[in-house]
Every structure is written in C-alpha cells, then in structure tokens.
There are 2 protein chains.
Amino acid sequence: MSAIDHFWAVIPAGGAGTRLWPLSRSSAPKFLHDLTGDGRTLLQSTHDRLAPLADDRFVVVTGAAHRPAVVEQLPGLEPDAVLAEPSPRDSMAAIGLAAALLERRDPQAVMGSFPADHVIADPDVFADCVRAAVDVARDDWLVTLGIEPAFPSSAFGYIHLGDELPGHAGATAVREFVEKPSVRTAAEYVATGRYRWNAGMFVVRPTVLLDLLGRWHPEFAAALRAIAADPSRMDELWPALPKIALDHAVAEPAADAGQVACVPSSFRWEDLGDFDSLATLLGSPSGTEGPSVLGEAGSVLAIDSTGLIVSGSGRLVAVIGLDDVVVVDTPDALLVTTRARAQDVKQVVGELKDTGRAGLT
Amino acid sequence: MSAIDHFWAVIPAGGAGTRLWPLSRSSAPKFLHDLTGDGRTLLQSTHDRLAPLADDRFVVVTGAAHRPAVVEQLPGLEPDAVLAEPSPRDSMAAIGLAAALLERRDPQAVMGSFPADHVIADPDVFADCVRAAVDVARDDWLVTLGIEPAFPSSAFGYIHLGDELPGHAGATAVREFVEKPSVRTAAEYVATGRYRWNAGMFVVRPTVLLDLLGRWHPEFAAALRAIAADPSRMDELWPALPKIALDHAVAEPAADAGQVACVPSSFRWEDLGDFDSLATLLGSPSGTEGPSVLGEAGSVLAIDSTGLIVSGSGRLVAVIGLDDVVVVDTPDALLVTTRARAQDVKQVVGELKDTGRAGLT
C-alpha cells in the first residue's frame with residue numbers, strides 16, 4: 001500500500017494523563033511512555049501507524065517542555081515538524097496552528113489529526129478508514145472517525161450518525177455530537193446501531209477547518225493564520241487564544257450546520273485513561289491467571305493475585321492474595337489501589353499539589 | 001528500684017523473622033529493627049528493659065554474622081558480653097553456652113533468658129515479675145514467666161499451672177508445657193484460668209539449668225561446660241551440639257519431673273511474628289481511621305484505606321481504597337498483601353530462595 005498524496009498526519013501530543021500517575025507525570029505525560037509493553041511509546045506507535053500513509057509529512061504539536069523528548073522519540077522527523085506550544089491552549093489552538101501552517105505549505109493538503117496517546121490494535125483497518133476519510137475530506141467535509149462502541153461506556157462522547165453520504169460508500173453525515181451519556185443512555189445509543197464513540201480523530205482540508213472556525217470564532221482563525229504567516233508573532237498572539245477543544249469550537253456547530261461526515265470504523269481502540277483500562281488492554285500473561293505485568297516481569301512475584309503490576313523501579317515486587325489490585329512501582333513513588341478505584345488516582349495528584357509536592361506529579 | 005544482686009540478663013538474639021520479609025532479612029533479622037516506631041530496635045528495647053535489673057551484667061548470644069550489628073546497637077556492653085555462635089544450633093545451645101560461662105564466672109549467678117525480638121509494653125510490671133522469678137530461681141527451680149493469654153491463640157505453646165509454691169506468693173509449679181493447640185482447645189485452656197502463654201522466658205541458676213540438661217543430655221551439658229572451661233575448643237565442639245530448643249531439651253522433661261515453676265505475668269507481650277500482629281500492635285494513628293504507619297508518615301498518602309504501611313525507602317507511598325492492606329516498601333523489595341495473608345509472606349521468601357534470589361531474603 002502506498003502513501004496518500006498530500007496527506008499530512010497531525011499529532012497533538014498534550015494532556016497530562018493524571019489518572020495514570022505515578023507512571024504518567026506532568027514532566028513525562030502518558031504519550032511518552034510505552035504502556036503496552038511492545039517497546040514503543042504511545043507517541044511512537046501513533047507515528048508508526050501513520051507513517052505508511054503520510055511518509056514524512058508529519059506535524060506534531062506539543063508543549064514546549066516536552067518538545068525535546070518528542071524530538072528524541074521521533075528521530076526520523078525533521079526538527080521543524082515538531083511545533084512547541086508556548087503554553088497549553090487546548091486542542092483547537094494546537095490543531096488549528098497545524099492547519100494554518102499546512103494551508104500555506106500545501107494547498108492540496110488533507111490533514112488527519114490523531115491524539116498521541118491512543119492505542120489501536122489493527123493498523124491495517126485503521127489505514128483503510130483514514131484512506132476513506134481522506135476521500136470524503138477532499139469534498140470539503142470535516143470528517144471524523146467513529147469508533148464502534150465495544151460496550152455502553154459513559155466515559156466517551158458519542159457521534160450520532162445521519163444519512164449515508166452519496167458517492168462515499170459507508171460514510172455518513174453526522175447528525176450531532178453528544179456529550180458523555182449515562183450508562184443507561186449509552187446502552188440505548190448502542191442498541192440503535194447509529195452511534196459511535198468520538199475518539200477526537202478528524203480528517204479535513206486545513207482551509208475547511210480554519211474557515212469553519214472562522215464562522216464561529218473569527219478572531220481565533222485570524223490569529224492562527226497570522227502566526228502561520230509570521231511565526232515571530234507567536235509569543236504575541238498565542239497567549240490570547242481561547243482555551244477550547246476542537247469539538248466545541250468547530251465540530252459541534254459544524255455538525256448542526258450539516259458539514260460533518262463520519263467514517264464508521266471497526267478497529268479496536270483504547271484511550272488508556274486509567275489503570276483499569278490498561279489492565280483490560282494488557283490481559284493476563286498467557287497461560288496464567290495472574291496479574292497483567294507492565295515492565296520487568298522477572299521482578300514480579302505474584303501469589304493468588306490478579307490485576308495490574310507495573311514494575312518500573314528495578315525492585316522486586318511481591319504481591320500476595322489480592323484480586324484486581326493495581327501496583328505501580330516507580331523510582332520515587334509507589335501507588336497501590338484497585339481497578340475499581342483507578343479513577344481516584346487523580347485525588348492523589350491533587351493532594352500532592354495541595355501539599356507542596358507538585359514535583360512528584 | 002535497684003538492680004538485682006548477681007542477676008545476669010541473657011539475650012538469645014537469633015531467628016530470621018521470615019514472615020516479616022522484606023523488612024526482616026537473613027542479613028538483618030527482625031531483632032535488629034525498630035518495629036514499634038519508638039526509635040529503638042527490638043534488641044535495644046530488650047536491653048533497655050533489663051538494664052535496670054542487671055546493670056552491666058549482660059550476655060548476648062547471636063550468629064557470627066550478626067555480632068557486629070549487635071555490638072553496634074548495644075555500645076554500652078563490654079565486647080566480650082556478645083557471644084558469636086559459629087553456626088545456628090537452636091536455643092538450648094545458645095542459652096546453655098551462656099549458662100556454662102556464667103557458672104564459672106559467678107557462682108551466685110541467677111540468669112534470666114529473654115528473646116531479643118519480643119515487645120513488652122509494661123517494663124515496670126515486667127521488672128516485678130523478673131524479681132519474683134529470681135527469688136524462686138534461687139531455690140533451684142527452673143522458672144518460666146507465664147504470659148496471661150490475651151485471646152485463645154493457636155500460635156503459642158501453653159504452660160499448664162499446678163499448685164502454688166509455698167513461700168513464693170503468686171508463683172506456681174508447672175504441671176506441663178503443651179504444644180500449640182487448636183483454637184478450640186486454646187479456648188478451653190483460657191477458660192480454666194490455669195494456662196499461660198509460653199514466651200520462652202526462663203529464669204534459673206546456671207548450674208541448675210546445666211544439671212537439668214545433663215540429666216537428659218549428658219554429653220550436651222558436658223560439651224557446653226568444656227567450651228566454657230576452654231573457649232579454644234569452641235570450633236571443635238560446637239558443630240556437634242544438637243539442634244534443639246531449650247523447651248524440648250530441658251523445660252518439658254523438667255516439668256514432668258516437678259522441677260519447673262511459673263511466675264504468672266500480666267504485662268502486655270507481643271512476639272510480632274508477622275505483619276498482622278505488627279498492625280495490631282501499632283494501631284491506627286491517633287485521630288484517624290487510616291492505616292498504621294511504620295517509618296516516615298510524611299511519605300504516606302492513604303485514601304479510604306486501613307491496614308499497615310511500612311515506609312522504608314524514602315519514596316512516596318500512595319494507597320487508595322484498600323482495607324486491611326499491608327504495604328512494605330524497602331529500597332530493593334516491595335511487598336503488597338493483606339493482613340489475612342500475612343502468614344504467607346514466607347512463601348515469597350521460599351520462592352526467592354528457590355529461584356536463585358536468596359540475596360533478597
């Protein structure tokens with residue numbers, strides 16, 4: 001399979017991954033970590049699955065503090081392919097900046113924006129979906145990939161599918177984006193077969209994206225285009241950009257205006273939001289009923305236990321008689337909890353910040 | 001209160017404390033550790049509570065490998081007060097060696113032998129019991145301190161009390177020593193009021209102890225006396241000594257022969273065999289319902305949790321949503337289990353030895 005002409009892969013690499021503390025830190029967020037044990041970080045895996053489609057046409061947008069790590073992890077990229085945000089301004093600013101630069105650089109560009117911290121099990125299926133989405137995007141749609149719900153999750157927003165798109169088999173219009181529902185509502189959505197998880201993956205022509213933004217936030221779009229025209233204005237213009245997600249700034253109003261399409265997708269997808277989902281992804285070691293292990297399996301000694309053990313300090317980790325336990329061992333901090341309480345890890349991060357120990361977060 | 005004339009405190013400092021791994025190691029057994037958080041190791045506390053009774057009349061018997069640590073922890077002792085066993089030969093050899101040396105050194109000596117790894121909460125009550133026991137021992141009884149059972153434990157042997165001793169108010173003859181009973185049998189014992197826990201604390205004139213030993217194990221007694229007479233014979237004679245506990249070698253047959261007395265004792269006593277008993281001893285921090293903490297409390301962040309956390313590596317230890325959990329954090333090994341599974345810690349130690357990692361045990 002060959003690369004897609006004029007296709008640019010955009011990777012917004014942000015987000016703290018607070019619920020994956022102490023593995024994920026503000027100094028090293030989750031996209032910089034190998035969370036699947038395959039030897040590649042989430043960022044590297046995101047790059048790897050896009051490289052066959054984009055060749056060397058990448059734009060990574062990350063926080064200034066993380067730029068050196070990103071450059072180190074992706075040595076094949078040109079240094080100017082990694083943009084540093086002077087300060088965090090949420091996904092609209094990050095992805096919009098990439099769009100504004102690409103709009104000037106390649107008038108025929110179609111960009112696909114894919115978060116740096118997702119796990120996708122089927123790269124070939126993913127590639128087919130991106131190809132289909134690029135075809136639709138060339139007709140000036142804002143295209144989103146709609147993940148087939150694996151279960152009625154209340155943790156994700158949903159895409160409500162509309163009519164099929166003429167000329168694009170399988171693609172549909174998007175009726176609306178809906179916020180994270182209750183489990184009960186999610187079950188109703190899933191039962192209809194007309195809802196997909198919104199994974200924040202968008203394929204669009206840069207000019208289409210910026211023009212849509214300009215419709216609801218004209219100054220925002222103008223500022224991004226001004227930075228692209230004269231990068232020396234970055235420090236002047238960036239701090240004033242609104243902190244808003246692309247979903248709210250563009251995707252939701254554009255769906256209401258009938259300008260968003262969806263390519264329903266069947267690849268397996270995980271956003272690895274917490275240690276519970278990480279334990280699900282990793283599963284038990286083959287042939288055992290013991291806990292999932294991330295890191296050095298030889299350093300883990302588990303007796304009558306299940307759950308997840310992250311061995312990251314070189315020390316021996318012995319666990320006896322605990323089901324669904326989560327043990328995350330790092331050189332300067334240890335977490336012990338349960339899969340059921342995985343969401344509450346952010347409480348620890350909050351308390352550390354409140355008690356003058358932000359250095360550990 | 002003054003010291004007791006001719007009273008010698010003997011401290012057999014042995015035992016691995018395997019169920020307290022990874023805190024207790026073969027290289028640093030539990031008696032070398034501060035397990036109560038009061039700043040003194042169990043060995044030091046044993047010394048501290050005996051010093052008012054014995055002044056500087058101490059004999060500590062320990063493994064050759066641990067002698068340097070013992071000498072360092074008890075700097076007030078004369079160096080020759082700390083005897084090194086060339087190899088482990090159980091309690092009869094250790095205590096018998098002390099007896100043989102004291103028999104030659106002080107013909108009026110009464111020795112009291114107290115394990116180095118017990119916790120006793122009431123030193124004044126303990127001192128009164130020892131004084132009473134010394135009085136009885138001067139009449140040539142082998143005297144044991146009988147601990148008042150706090151509950152019907154199946155983890156300890158019991159002392160079955162006989163008739164009161166004429167002339168020694170409160171002291172009794174010992175009818176027999178009984179092995180660790182079932183909980184049901186223990187409950188029957190406790191209900192009678194005539195049984196005490198056997199904590200392995202003996203007070204006796206050295207010559208009486210060795211003569212009793214000579215009755216059932218004449219060569220053993222002769223060998224100990226030969227070593228005392230000529231310490232250069234230690235390496236020749238020690239390796240052949242039987243590995244037997246004082247209870248079996250002397251106390252049980254002597255009780256059957258009517259030569260053992262008991263001073264029933266009401267001081268609070270713990271042998272801290274595992275992390276469950278350690279958690280009980282430490283209790284919850286005052287004013288909280290959180291876990292017991294041994295070590296740096298400031299390094300522990302517990303949310304909705306109870307149990308025991310040992311903070312011994314300087315790292316942050318965060319625990320969320322686990323009841324009766326046991327977390328023991330040391331620089332090279334971490335243990336996570338429950339109070340209910342505390343006995344099974346020895347399985348880990350066994351597995352480490354079986355897999356070539358004895359260095360961690």
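Every read-out reported here was derived from the displayed coordinates using simple, explicitly stated rules and does not represent laboratory data. Predicted, not measured: the structure shown is a model, and the values here were computed from it. Here Cβ is always computed from backbone atoms with ideal geometry, including for glycine, and neighbour counts include all displayed protein chains.
Here are some notes:
- Taking other C-beta atoms within 10 Å as the exposure proxy, B:Met92, B:Met234 rank B:Met234, B:Met92 from fewest upward.
- Helix A:42-54 vs. chain A, principal-axis angle (Cα, 0 to 90°, nearest 10): 40
- Mean projected area in nm² (Cα convex hull; one quarter of hull surface) for the range A:275-360: 5.6
- With both residues required to sit in the range B:275-360, DSSP beta bridges show an antiparallel share near 30%.
- Between 0 and 90°, nearest 10: helix B:90-105 axis offset from chain B longest Cα axis: 50
- Phi-derived couplings, Karplus 6.51 cos²θ - 1.76 cosθ + 1.60 at θ = phi - 60°, listed residue by residue for the range A:55-69: 6, 9, 8, 10, 9, 9, 10, 9, x, 3, 5, 9, 4, x, 5 Hz, with x used for Gly and Pro.
- Only alpha carbons enter this Debye calculation for the protein assembly as shown, each as an equal point scatterer, and the log10 of I(q)/I(0) it gives at q = 0.10 Å⁻¹ is -0.94.
- Surrounding net charge for B:Pro79, when Lys and Arg each add one and Asp and Glu each subtract one, Cβ distance under 13 Å: -3
- If only the Cβ of Lys and Arg carry +1 and only the Cβ of Asp and Glu carry -1, the dipole of the range A:7-270 around its Cα centre is close to 460 debye.
- The calculated Kirkwood hydrodynamic radius for chain B is 21.4 Å, given to one decimal from all distinct C-alpha pairs.
- Extension gain, A:Glu236 back to A:Gln108 (0.36 nm per residue minus Cα-Cα distance, nm): 43.1 nm
- The range A:162-240-the range A:303-321 distance, computed between alpha-carbon centres (Å): 42
- When chain A is turned onto chain B, the axis of that turn runs closest to one Cβ of chain A, and that residue with its distance in whole Å is A:Val336, 3.
- For chain B, calculated [θ]222 nm from helices alone, where every DSSP H run of n ≥ 4 adds -39500 (n - 2.57): -9000 deg cm²/dmol
- Listed from fewest to most Cβ neighbours within 10 Å, the set B:Lys180, B:Lys30 follows the order B:Lys180, B:Lys30.
- Estimated inter-spin distance, A:Asp163 and B:Ala169, nm [label 7 Å along Cα→Cβ]: 10.7
- Taking the DSSP beta bridges with both ends in the protein assembly as shown, the antiparallel portion is around 40 percent.
- Ranked list, fewest to most other Cβ atoms within 10 Å of each Cβ, for B:Ser91, B:Ser2: B:Ser2, B:Ser91
- Using alpha-carbon coordinates, inclination of helix B:183-192 to the longest axis of chain B, degrees: 50
- Shape category assigned to the range B:38-91 from the gyration tensor of Cα positions, a/c cut at 1.5: prolate
- Within the shell of other residues whose beta carbon sits under 15 angstrom from the beta carbon of B:Asp230, the net charge comes to +1, with Lys and Arg scored +1 and Asp and Glu -1.
- P(r), alpha carbons of the range B:241-294 - 5 Å bins starting at zero, rounded %: 4, 14, 13, 12, 14, 12, 10, 8, 7, 5, 1
- Take every Cα pair under 8 Å whose residues are at least 6 apart in sequence, average their separation, divide by the length of the range B:7-270, and the relative contact order is 25 percent.
- For A:Ala65, inter-copy label distances in nm, listed shortest first [label point 7 Å out on the Cα-Cβ vector]: 4.6
- With label points set 7 Å from Cα along Cα→Cβ, the inter-copy distances at B:Gly298 are 3.8 nm, sorted shortest first.
- Amide H contacts of A:Val10 (H built 1.01 Å from N, under 5 Å, at least 5 apart or other chain): A:Val59, A:Gly112, A:Ser113, A:Phe114
- Take B:Pro88, push a point 7 Å out from Cα through the beta-carbon direction, and compare it with the same point in every other copy: 5.3 nm, smallest first.
- With both residues required to sit in chain B, DSSP beta bridges show an antiparallel share near 45%.
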